[in-house]
1. With a/c under 1.5 counting as rounded, go ahead and sort the range 406-677 into rounded, prolate or oblate using the C-alpha gyration tensor (a ≥ b ≥ c being the square roots of the eigenvalues; past the cut-off, prolate if a/b is larger than b/c, else oblate).
2. Provide the gained length on full extension for the span residue 642 to residue 454, in nm with one decimal, where the gain is 0.36 nm per separating residue minus the Cα-Cα distance.
3. Please tell me the relative contact order of the range 523-623 in percent, rounded to the nearest whole number, where contacts are Cα pairs under 8 Å and at least six residues apart.
4. Taking the alpha-carbon centroid of each part, what is the distance from the range 523-583 to the range 450-508 in angstrom?
Ligand SMILES: Nc1ncnc2c1ncn2[C@@H]1O[C@H](COP(=O)(O)OP(=O)(O)OP(=O)(O)O)[C@@H](O)[C@H]1O
Ligand SMILES: [Mg+2]
């Protein structure tokens, strides 16, 4: 499979095109359609015309947002409150771009997460204030349906092209009532809107593989979040890490999205002046407090009034950051800067805030008044709010859940896994070449293994080597790939693209063929060169089955470690520890009956103990050994059963296979339960108690 054409072909053949005469380019939802659109009763209601068609204007207002985390000093046992955000208020109206600016550590990401209702649950954290959508409180599920969050780090598969990435997201997130062609048309409209036409067939790429440029990657990431046609888009530092030209192009896109009626809220660290000019509203933070909130164009005047006049040749963004950043270079500078910040925060709390709120409630700028008037002809906030409240009662859960069936989710995840893995040609080539080379080397080393007394050690040694090799290669294959995919998977699961079970099963099935190529190739070469199993074909078949079962168990173990490990580094550190413990309890380095009685139970946690026993029984049960090389006076081991008795291996091959299957099932159950448990959970915003 070289690209997504297989998926496309299958889809377009299976999915009948929309026959009710409504095409994807029909005018989009009008007043009152929100209920219908979310119900997705008909294909037309759920088929957005294009990315620029905003279905539902959102006005976000937040008041007195406070966020603190308390921590206990281990020495003094005193509890201290770290105030991350203090009384932050403001609005983000439909059709506008709101920038959250401030020095590093000022609370931009924290505020953005809170506004997006995506503040991760943190022990001892307290979050209070109010967050309203069109002046009403809104149900979380509804909120997530109407909003999207673009993370600072782009989380996409490096091996897929821009089009494939967006197309897969569309198949996951768009209604099943939309035909494949409609989805394709919709994706193309997003690609067009984001200016990605030129690079639509270029792979996303990463640090190792060259792909699209940084700006294009960021825009592709925004595109993925635009698939569900959100009314409100939150972005954490969308321009960080980009050069100023790329940053400008990303911000132009956001400006365009705002103009098309969406609410855009972005945290931005240090925008160039042309980017600053694109902001409608500016929320300036310092030390977790608001220093300014209002029209970005009014900020220069406000700071001049406070005695901080921005020189005409300066970028206002740079100047404001200089003014509101604490300066820790010397004690004097620190005191001076902190005094300045305190004064600005206090003034804002007193006068500034009042002025801006007044403006928001009554006056407003000409531009605002115009946009409000425009809104009245399409959808008033009141109507929207009442409809939203209605929606939370009326709309079935399904509308906030998965858009495609479990089988469809599984098949898409499976095809994507195959596609991504098969494109990694270097890895596959390395596996094949390495296995053949290594197999020939090992085969050469053991090629003179006969049936004399010393061959007993050789046979047992090569079998235990197989056990280690099969476990390591399968486990590490999945450790690397699964941990790398985790960020994408978490994002997609949070976006309700697919269920954990569909993803888990697809990932397992998709990985199997690629993980098995190497070990099976390696096993086959060594088996026949060394002459294991007395050259018996049936013995060889059982040998391959055992290798496969060991591989399944190792993959499942790798999945457990990958699910609990936060990073690839952590996973590759935990992995060898687990394998080394299993090697020690595998029955080769220490006889299982020599283990201290209080440690015997550990052998049952070691998949190598069963794996080695299975391979040893298959190899040795019927073998006869000669005594020609016996050292005089020493006893002669005449058959393999004596070796097995010495190793204390009493199970049959069938029993070992059964236990390996049970072992694998238990591991999968644990890995899956951990995956479900590890899904992202967010904090609720509490109402402030009035004393
Ligand atoms: N879970 C947490 N535990 C302790 N402190 C936290 C936690 N989350 C945030 N903080 C602190 O809150 C402050 C604000 O963090 P935040 O990430 O919101 O800042 P920021 O303005 O986005 O910074 P940057 O520009 O570097 O991204 C920082 O001092 C940070 O250390
Ligand atoms: Mg941040």
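1. Working: a/c = 2.49, a/b = 1.81, b/c = 1.38.
It comes out prolate by the Cα gyration axes.
2. Details: separation 188, 0.36 × 188 = 67.68 nm, distance 1.44 nm.
Value of the extension gain: 66.2 nm.
3. Details: 64 pairs, mean separation 31.7, N = 101.
Result for the range 523-623 is 31 percent.
4. With the range 523-583 and the range 450-508 each reduced to a Cα centre, they are spaced 7 Å.
Only the coordinates and a few stated rules stand behind these numbers; no lab work does. The structure presented is a predicted model; accordingly, all values stated were derived computationally and were not measured.
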